[in-house]
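*Asks:* Please see the structure below; I have some questions.
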Amino acid sequence: MKSISSLLLASVLLFSCQDMYVVKGMTDVTYFKGRQVALKVPTADGSWLTVDSCQVTHGEFTMKGHLDSIALATLFVDEMPLIPIVLEAGMLNVRLSNLTGRVTGTRLNEALYAFFDEKNRLDAQVDELGHTESQMIMNGERIEDVHHYVDSVYTSIADAMHELITGLNPLIRRYVMAVNDEMSRQNLAAGNYP
């Protein structure tokens, strides 16, 4: 009887922890020392709802809580948004530096940051393509050959980007599309597009 009650207690503890998240963060950025970090989710009216918060002490911070469902959140320091984070059950490891931030430890965060890595790689190829085009023209290659080459490479990069986005988890795809839409609106408002 004792083993059955022990088994029952262990299964209750196991299932009650399955919807729990733990965010453990580390940073070497001195600006963050003593600052408040917060996990915030967007609301329907465009404001931010704070889900959890804590203070950075000795370059470390920890937040934990229970989830009703998976959510896309943003990690803030004071009122400044830093990095996206998929708030899901498990141990979420956050690393912040002066130039980058990254979340690891859970399946959806790994997928989100793998997407960012691949998108950055493809964006760099597009940037390099402009340099390659200029170099080919300066080397005296025929303009028709240059345009044919650039068009074919750009098409393959665009195809890879399409595959990258369509292969995403639906939750992450919605996030990426929303961010892309917002960036497009901001660029249009700033006059960055013709």
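*Asks:* Quick one: if you stick a label point 7 Å off each Cα along the C-beta vector at Ile165 and Lys119, how many nm between them?
*Replies:* In this crude label model, Ile165 to Lys119 measures out at 1.0 nm.
*Asks:* I want the local charge near Ala111. Using Cβ-Cβ distances under 14 Å, sum +1 for each Lys or Arg and -1 for each Asp or Glu among the other residues.
*Replies:* Computed value for this residue: +1.
*Asks:* So between Met26 and Arg142, what do we pick up on full extension, going 0.36 nm a residue minus the alpha carbon distance?
*Replies:* Difference between extended and current length: 36.5 nm.
*Asks:* A further question on this structure: Among residues other than Phe61 whose Cβ falls under 12 Å from its Cβ, what is the net charge (Lys/Arg +1, Asp/Glu -1)?
*Replies:* With Lys, Arg at +1 and Asp, Glu at -1, the neighbours total +3.
*Asks:* Counting only C-alpha contacts under 8 Å and six or more residues apart, can you give the relative contact order of region 9-157 as a whole percent?
*Replies:* Once divided by the residue count of region 9-157, the mean separation gives 21 percent.
*Asks:* Right, here's the next one. Using packing as a proxy for protection, rank 138-144, 24-30, 77-83 so that the peptide with the highest average count of other Cβ atoms within 10 Å comes first.
*Replies:* 24-30, 77-83, 138-144
*Asks:* Given Leu112, Leu129, Asn139, which one lies farthest toward the positive end of the charge dipole of region 99-140, if we put +1 on the Cβ of every Lys and Arg and -1 on the Cβ of every Asp and Glu?
*Replies:* With unit charges placed on the Cβ atoms, the residue in question is Leu112.
*Asks:* Could you please report the charge total around Asp151, scoring K, R as +1 and D, E as -1 over all other residues with beta-carbon less than 13 angstrom from its beta-carbon?
*Replies:* That sum, taken over residues with Cβ under 13 Å, equals -4.
Read-outs throughout are calculated quantities, based only on the coordinates presented, and are distinct from any laboratory measurement. Here the structure is a predicted model, which is why all the values come from computation and not from measurement. Cβ: placed from backbone, ideal geometry, glycine included. Neighbour counts: every protein chain shown.
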